[in-house]
Structures are given as C-alpha cells and as structure tokens.
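The values are calculated or read from the model by the stated rules, or taken from the named source; none is laboratory data. Owing to the predicted nature of the structure, the values given are computational and were not obtained by experimental measurement. Every residue, glycine as well, gets a Cβ built from its backbone with ideal geometry; the counts of neighbours run over all protein chains shown. Quick note on the areas: whole protein, heavy atoms, side chains included, nothing else; ligands and nucleic acids left out. Shrake-Rupley method; radii C 1.70, N 1.55, O 1.52, S 1.80 Å.
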Amino acid sequence: MTDRTSSDSSVYVGNAGKDAALDRGWLLGHFKDPGDPRHSEDVEIKWGVHPAGDARAQWVRGEDRTALLVLISGRFRIELPGRSVLLAEQGDYVLWGRGVDHSWRAEEESVVLTVRWPSVPGYAAAHDEPDPGAR
C-alpha cells in the first residue's frame, strides 16, 4: 500500500506507522495542509510509538481539549492530578476532559492511539522540536 491521496481528493490511503513517522505521530488535525483530507479543525489523531522509558518532559497544563488514549501494545502510564492510570492490556483506554492536566510515560515499548478534540492551534510541546499536534 502506498501513502497518497487518490484521484478523489477526499480519500487518503496510508499506513499509520509510516505516516506517523513523518509528523511526530500525528495523522490528522488542523496542522495538516487545508487541501489534505487529513486536515481537521474538529479532531486530532496520533499514532504514538514510544520506546520504553519515553516520557513527556513536562505536564500539560490548562488543556482546552478532551483526549482519549487507547493502548494498542505495551504498557503506558498516564499521570493525572491525584491519579495514575496504567494501560496494560490491548484496548485499555483513558479519557479526560478539558482542564485536566496530564503527563505520561511508556513503561514498555508502546503504541498508543490518541484522539483529541477539538484541534486547537496554539499548543507547544516542552522541548526543542515542536510537536505539530500541539500547535
């Protein structure tokens, strides 16, 4: 399967692992070109591949989006205020609403599907390389 838009510009066929590697994991959101079928101001989707020990450098604070994380493989820990959630079995998920601060850590090599809404410009990751899904 090749990654490309078909002659119907509203269809995109790709591979989450390959496409995610091109944009820090992000497959869909406001940060994709407006002519791309993967452009959305309503939702963001990320295919996150995390080596063991990978962790968010700083907590996300003042979040204006709702988020859903679904474990595809591995062990992935989400830190929330006053609560730690371990995703350990394929299909385990956690959802939090707007205003919930959070952080995360991959306890084992992990693949996590993240869905956030809405897709809001103005967020930035706390490291040198900007996270396009966080803009």
What are the residues in the stretch 48-83 that are out of contact with any strand residue (DSSP E or B) (no Cβ under 6 Å at 6 or more places or on another chain) and among the polar types (S, T, N, Q), if any? GLN58
Go through (1) under 17 Å from the mean Cα position of the chain (by Cα); (2) under 17 Å from GLU109 (Cα atoms) one by one and return the number of the condition TRP59 breaks. (2)
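Table: residues versus (1) surrounded by fewer than 17 Cβ atoms within 10 Å (Cβ to Cβ); (2) among the hydrophobic types (A, V, I, L, M, F, W, C); (3) modelled with pLDDT of 95 or more.
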{"residue": "VAL43", "(1), (2), (3)": "yes, yes, yes"}
{"residue": "ALA52", "(1), (2), (3)": "yes, yes, yes"}
{"residue": "ALA55", "(1), (2), (3)": "yes, yes, yes"}
{"residue": "GLN90", "(1), (2), (3)": "yes, no, yes"}
{"residue": "TYR93", "(1), (2), (3)": "yes, no, yes"}
{"residue": "ARG105", "(1), (2), (3)": "no, no, yes"}
Residues in the stretch 14-36 that are in contact with an Asp or Glu (Cβ under 9 Å, 6 or more places away or on another chain) and surrounded by 14 or more Cβ atoms within 10 Å (Cβ to Cβ): how many? 11
Please go through (1) open to solvent by 20 Å² or more (accessible area, probe 1.4 Å); (2) within 13 Å of the chain's Cα centre (by Cα); (3) at pLDDT 95 or above for LEU69 and return the number of the only condition it doesn't satisfy. (1)
